Structure formats: C-alpha cells, structure tokens
Amino acid sequence: MVTITEVTKVVDAPIGEVWAIISAWGSERFWFPNVIKSTVEGSGVGAKRTLTFGGEDGEVAFEISEQLQSINPATHTISYICLGNDDPKRKNPYARMTLEELSDGGRAQFKWAAGAEWVEKGYLPELKAFLDGIFGSAIDSIGSKLAS
C-alpha cells in the first residue's frame, strides 16, 4: 500500500455539525467545490456515489465513482474506495476521512487521507498535489458553510 497524501485542517465548528455534512453520503454537490452533480445508488455501507465535477468552461470536467466501505459515527470516520479505476498510473485507490474533537469543543480537526495499492512513482507528486488541492478546498468549503 502506498500513502498518497493526508490533508489535516481545523474547522471552526463543533464536530457534530461537521459530521452531519460529511456523513451525508451523496450530498457533496452542496459543499464540495466544483461538484455539479452527485448521485447515489443504495444506502449505508456498500452504497455507491458518482460525483460529476464541472470545469472552468461550465462543461463536465470528469466524473468519479466511489463506494462506501465503512462509516462509524462513534469515531467519526468514513472510508471509501474509487470504482472503475482505469488509470494505469495507480491501482485500487481509497480514502479515509476522520474527525477529532478539539479540547475546546467548538472546533474539529479534519483529516482526509488517500492511498492506493500501487502508484507509478513518477505520478505520485502530481496526484498528491491534485488531491491536496481538492481535499483542502473541500474542508475549507465546509468551514465556510458552517461559519455563515
């Protein structure tokens, strides 16, 4: 297994509010930047979601399908795998989101990690930069939504 990245940020909102957003599998259109459509098949562990990302020109830039592997409200963790991975530069990508309540009770630490069974060595820096950007902007978006 290869660790691709781990983005960690603090969200200025109680852990329960952050959890309510990220645990709503398929609601990404409301909080994930550039997601113009999200669809879900099934519910709970095993549910599949497809996220459609828009490009700068308003057209579809790309789609990604993911399957929920675990969700644990007690530990505030979600893990999922990417489906239909036909990219020859990586194999069996996965991700995990984890929230931890900070000692003041009014903020949450958000960790979003990604890995894969294998990633082409030369592709790893590019993939890391891409994921750092989208994970970081998504966490920031949640913070902005909860601040308003």
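No lab work stands behind these numbers, since they all come straight from the coordinates. These numbers were taken from a predicted model, which means no experiment stands behind them. Neighbour counts run over all protein chains shown; Cβ positions are idealised from the backbone, glycine included.
Which entry is the computed mean projected area of the Cα convex hull in nm² for this structure: (1) 9.9; (2) 9.1; (3) 7.8? Looking at mean projected area of the Cα convex hull in nm² for this model, the match is (2).
Would you work out the relative contact order for region 12-56, in percent, from Cα pairs under 8 angstrom that are 6 or more residues apart? Could the numbers behind the result be given before it?
Values: 47 pairs, mean separation 13.3, N = 45.
Relative contact order comes out at 30 percent.
For the chain, lysine pairs separated by 8 or more sequence positions, or belonging to different chains, with Cα-Cα distances below 17 Å total 9. Since only Leu124, Leu83, Gln69 are under comparison, the one whose Cα sits farthest along the positive direction of the charge dipole of the chain, derived from C-beta charges on Lys, Arg, Asp and Glu, is Gln69. Each of Asp104 and Ile81 was given a label point 7 Å from its Cα along the Cα-to-Cβ line. The distance between the two points is 4.0 nm.
If the elastic network links every pair of Cα atoms under 10 Å, which of Tyr80, Tyr94, Tyr123 fluctuates the most in the Gaussian network model of the chain? Among Tyr80, Tyr94, Tyr123, the largest mean-square fluctuation in the Gaussian network model of the chain belongs to Tyr123.
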